[in-house]
Number of protein chains: 2
Amino acid sequence: MGLRFADPAAEAYRYPLLIRHLLQSALDTRSGNAIVGSDGRRLGYVDLERRIGRLACVLSASGVRPGDTVAVMDWDSHRYLEAYFAVPMMGAVLQTVNVRLSPEQIAYTVEDGGARILLCHADFAPIAAELRKRLPQIERVLSMHDGDPAPDSGDGDYETLLADGEDLYPFEDFDENAIATTFHTTGTTGLPKAVAFSHRQIVLHTLAVAMTLLGQPDGERLTRSDVYMPLTPMFHVHAWGMPYIATLLGLKQVYPGRYIPDRLLMLRDRESVTFSHGVPTLVQMLIGALGDRTLDADWKIIAGGSAFPVTLRDAARERGIRAYAGYGMSETAPVISVARRNEDDAGDAAALSCLAGKPVPLVQVRIVDDSLHDAAEGELVVRAPWLTMNYGTDHGASDGLWRGGWLHTQDVARFSARGDIVIRDRLKDVIKTGGEWVCSTQMEELVLRHPYVAMASFVGVPDPRWGERPVAFVVPRGEPPTIEDIHVFLAAFVADGQISRYALPDRLILVDELPRTSVGKIDKKALRGMVGAA
Amino acid sequence: MGLRFADPAAEAYRYPLLIRHLLQSALDTRSGNAIVGSDGRRLGYVDLERRIGRLACVLSASGVRPGDTVAVMDWDSHRYLEAYFAVPMMGAVLQTVNVRLSPEQIAYTVEDGGARILLCHADFAPIAAELRKRLPQIERVLSMHDGDPAPDSGDGDYETLLADGEDLYPFEDFDENAIATTFHTTGTTGLPKAVAFSHRQIVLHTLAVAMTLLGQPDGERLTRSDVYMPLTPMFHVHAWGMPYIATLLGLKQVYPGRYIPDRLLMLRDRESVTFSHGVPTLVQMLIGALGDRTLDADWKIIAGGSAFPVTLRDAARERGIRAYAGYGMSETAPVISVARRNEDDAGDAAALSCLAGKPVPLVQVRIVDDSLHDAAEGELVVRAPWLTMNYGTDHGASDGLWRGGWLHTQDVARFSARGDIVIRDRLKDVIKTGGEWVCSTQMEELVLRHPYVAMASFVGVPDPRWGERPVAFVVPRGEPPTIEDIHVFLAAFVADGQISRYALPDRLILVDELPRTSVGKIDKKALRGMVGAA
């Protein structure tokens, strides 16, 4: 194409989209807000900038060069926030290690990420020591802590090194497509797979998601007066990108360290926290910790990572927690869409709060069949400027992820009448029986309405005649229900056409609890394994 | 630097920042809102998409290819909105012609832009006919109108051609750095100078400015329920980029055609317009047109293009117009900063509404002296991802604009205690007398407080002893003041240290009105010319 391009003036500044510019922008708007550290310290934004400079100097002195990986194992702390900026701003790659994985899996991800330096909270010192023995790539381990220094501070103590360091690191501009962050997805199948995000991707995610949150209706929208505290681990997809957003906006930020429910509530009260995000289980946990208490001021929480039930949304609302759903995944940086009421919605607002909702700006969404043709119900595929370009060096998985030029979410979805994305199920959890698709999440919702069912999960198990057949796992509440009870209960939904009679489970397995993955999702792979054993 | 880059999956979609994606994003969020055309028609967003496709087909059939320039001369219309998308989406360059320039200047800018096709409202048919005669480059003129077709519709009538056209133009992805738009600055000195903006620049401006407006405090913030109507001509810096923002957000939009005060008010009433933007003079005009009336619902208006006086802000507020200042220029796409109250501001909020305010995300600002060292008061220089890279082929002016790697705004500014940008004066309007800088705008504000002064402007005139000396132009209200009256009145401000005694004007020239440029700013060049003649 014969496009036209500008011939820039000799000294014209060609602005690359770098994480450094998010910080600079926060400084240029001169936020007077504080960042409350996990050790209780209070930093201004100028202090934050200084500490980021010092951390970069320390890392540089430890041998970190552009392109190197720096791995972090920490709870949600101001140190993590500093690493979110300092490491990528040096041109190095921040690896956020999932500390909830098994030591074996952690070793795999750290080796795969190629980190030479590990920033490690004292709580994980034994794992770090083991890693150091097993992985010759690791040259240094810097120790972090929120109280007194650990007796063994590895190759140096974070705060001591920062205190002794220089303020000014000569951060430079570079290619915005350089990788800024990497981490591993915690899927329920196979080895953890690496995803990676460039500076450009993170900056664009920050702008578009910030725009979305600022544009939410009253009572749910993020404002510059909000006080932010993450309730998603910072190792998990950049805590949904929110620390970058909070910093760009110059918000007051509160970093809670390890999640201890009473401590989270204490911090909320003391620091007037008003904006957080977490998995639905976390919202449930906060409700439990609140006991009889109702909050004196609304706490807005975006709930994501798994389906957000309307019942949970309503229970939270009664306590002053205004939670609504967001949708995304590790591969998508992560935000794809956010539940959106309209300013004038009333009646059906509760249900709207729990949908995957509307795509954030620049996200393109389609619902397609196997041949990538548009379908009323099918796989949700997306395009956005912030999607991982691959699964590390796993070319087969990378090609599958991007088949046909769209990122495959592996989620089955449809659009509501007003265009909200409605996630129906994981593609792999859909139970394919006799040519019909049974949506496991729909079955779970229906069975949960039975008075003696506390929790429920449906999986498909191979069947020679029907392909697959549904099996129900139930955690009973009070008198354990029988399979007949469940059939009788579900008959009403068959009768009114909500579900097909093929969806009735063949077996009911009672369990004390449902197995969960490291990020708190129900582990359906484990459930399928239990079918033969039960 | 040894940066690391991802090796994308074979089919991974590398998302370029293209104007096309703003439109696609609006469609993916399924806005149910209408776009009200300047001819009264109502379009849905799907209709808009179809018409953009048709316009591209019509232009393509007229010979427009990527890299070609398409010039538009129109009032603020749905057609202009269509051209904002269709022309750049083809890879062609949209030239927005300033119809308020003299025919000579219009001819210069159209020739300089190199347009082969001109989309021209019937009101400008005589100018188009003249252009066609003088500029052999122009191959076709398509005629546009809001009522009946003009008797002579040039080489075709816009609506007829669209009605007869195909829906689907095969829009493709291309380099995001391709030029999307160009227009000429209307400086008060020299020939109009061309600026140009790429797709990437416009997309980033759209995101960052949208984020800013959505993040304003209650009563001033843009919401998804707002109804947008431009009150800045669409030939002027993409109407401040707002049509792109309104479209991305899927807002209801109202295009008013030629600005006729009563018609603007009628449209506001009929379509429930709540969000606009315009020069302070426009706000003044609306107040005049309202007469004794107060609006029944707030009308948020961003006022920019020249200083926004607190008195005007207060007068507007009394009528239900909640106006606040924005700052920018043709060279900056245009938004650099927006006045920002905090949610909890009260007392000094009026003054805060009138400052240039806080930079929008990604904008970096400095205040510097001639050597580009930081200064308490000096020239405001900026960096942002959406600044023109040059003044067309005028290499000298381009190099001056970008001297030292920062874009020179030619505005003198300082920061307020809370970090707001406070514009003091145009660098060329600062009156340099006896080694002191006298801020002409400050003098104008002070003299305006005199009961017999309706309007005032200060210019510096050459003086052999002092370098320059101030001269005051005054439009009197009631009894015309004398130079002695003004000196007595200003003595209080000298006494309390607000101004230096060197700032007292040497001469007072009474005039019936102040000369203005094509965009409504006071023409100080003309005033300086009048000093000798008066």
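The values are calculated or read from the model by the stated rules, or taken from the named source; none is laboratory data. In this text, all values refer to a predicted model and were calculated from it rather than measured experimentally. Glycine gets a Cβ as well: all are built from the backbone with ideal geometry, and neighbour counts include every protein chain shown.
Numbers below:
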{"quantity": "Residue check for B:L43: hydrophobic (A, V, I, L, M, F, W, C), modelled with pLDDT of 95 or more, surrounded by fewer than 22 Cβ atoms within 10 Å (Cβ to Cβ) and touching a His at 6+ places or on another chain (Cβ under 9 Å)", "calculated": "yes"}
{"quantity": "Subset of segment B:16-33 that is in contact with a strand residue (DSSP E or B) (Cβ under 6 Å, 6 or more places away or on another chain) and part of a loop (DSSP other than H, G, I, E, B) - its residue that is farthest from the other protein chains (Cβ to nearest Cβ)", "calculated": "B:N33"}
{"quantity": "Of the criteria (1) assigned to a loop (DSSP other than H, G, I, E, B); (2) without any contact (Cβ under 8 Å) to a residue 24 or more places away in the chain, which one B:V64 fails", "calculated": "(2)"}
{"quantity": "Among (1) under 25 Å from the mean Cα position of the chain (by Cα); (2) more than 18 Å from A:L248 (Cα to Cα) - the single one A:V58 does not satisfy", "calculated": "(1)"}
{"quantity": "Residue ID - modelled with the lowest pLDDT, chosen from residues in segment A:345-360 that are in a loop (DSSP other than H, G, I, E, B) and away from chain B (no Cβ under 14 Å)", "calculated": "A:G347"}
{"quantity": "Pick from segment A:384-410, criterion under 20 Å from the mean Cα position of the chain (by Cα) and surrounded by fewer than 22 Cβ atoms within 10 Å (Cβ to Cβ), ranking: modelled with the highest pLDDT", "calculated": "A:H408"}
{"quantity": "Output for segment A:88-101, where each listed residue is farther than 14 Å from A:V195 by Cα and in contact (Cβ under 8 Å) with a residue 40 or more places away in the chain", "calculated": "A:P88, A:M89, A:M90, A:G91, A:V99, A:R100, A:L101"}
{"quantity": "Residues of segment A:408-443 satisfying the condition of being in contact with a Ser or Thr (Cβ under 7 Å, 6 or more places away or on another chain) and within 14 Å of chain B (Cβ to nearest Cβ)", "calculated": "A:G419, A:I421, A:V422"}
{"quantity": "From the options A:V475, A:V459, A:V430, A:V488, residue that is surrounded by fewer than 16 Cβ atoms within 10 Å (Cβ to Cβ) and within 27 Å of the chain's Cα centre (by Cα)", "calculated": "A:V475"}
{"quantity": "Any hit, segment B:174-185, residues being free of Cβ contacts under 8 Å to residues at least 40 places away in the same chain, under 19 Å from the mean Cα position of the chain (by Cα) and at the interface with chain A (Cβ under 8 Å from one of its Cβ atoms)", "calculated": "no"}
{"quantity": "Members of segment A:186-208 that are free of Cβ contacts under 8 Å to residues at least 40 places away in the same chain and either of a type in the set (F, W, Y) or under 14 Å from A:A92 (Cβ atoms) (or both)", "calculated": "A:S198"}
{"quantity": "Count of residues meeting criterion [assigned to a loop (DSSP other than H, G, I, E, B), touching a residue at least 60 places away in the same chain (Cβ under 8 Å) and not small (G, A, S)] in segment A:231-273", "calculated": "12"}
{"quantity": "Subset of segment A:361-389 (residues that are part of a strand (DSSP E or B), in contact with a His (Cβ under 8 Å, 6 or more places away or on another chain) and within 13 Å of chain B (Cβ to nearest Cβ))", "calculated": "A:Q364, A:V381"}
{"quantity": "Flag if A:R293 is surrounded by 15 or more Cβ atoms within 10 Å (Cβ to Cβ), among the charged types (D, E, K, R) and assigned by TED's automatic domain parsing to the domain that holds A:F275", "calculated": "no"}
{"quantity": "Within segment A:72-92, considering residues that are under 19 Å from the mean Cα position of the chain (by Cα) and outside any helix (DSSP H, G or I), the one farthest from A:S143 (Cα to Cα)", "calculated": "A:D76"}
{"quantity": "Subset of segment A:507-534 [part of a loop (DSSP other than H, G, I, E, B), free of Cβ contacts under 8 Å to residues at least 60 places away in the same chain and surrounded by 15 or more Cβ atoms within 10 Å (Cβ to Cβ)]", "calculated": "A:V511, A:L514, A:P515"}
{"quantity": "Residue under evaluation A:G257, criteria (1) touching a Phe, Trp or Tyr at 6+ places or on another chain (Cβ under 7 Å); (2) small (G, A, S); (3) surrounded by fewer than 19 Cβ atoms within 10 Å (Cβ to Cβ), criterion not met", "calculated": "(3)"}
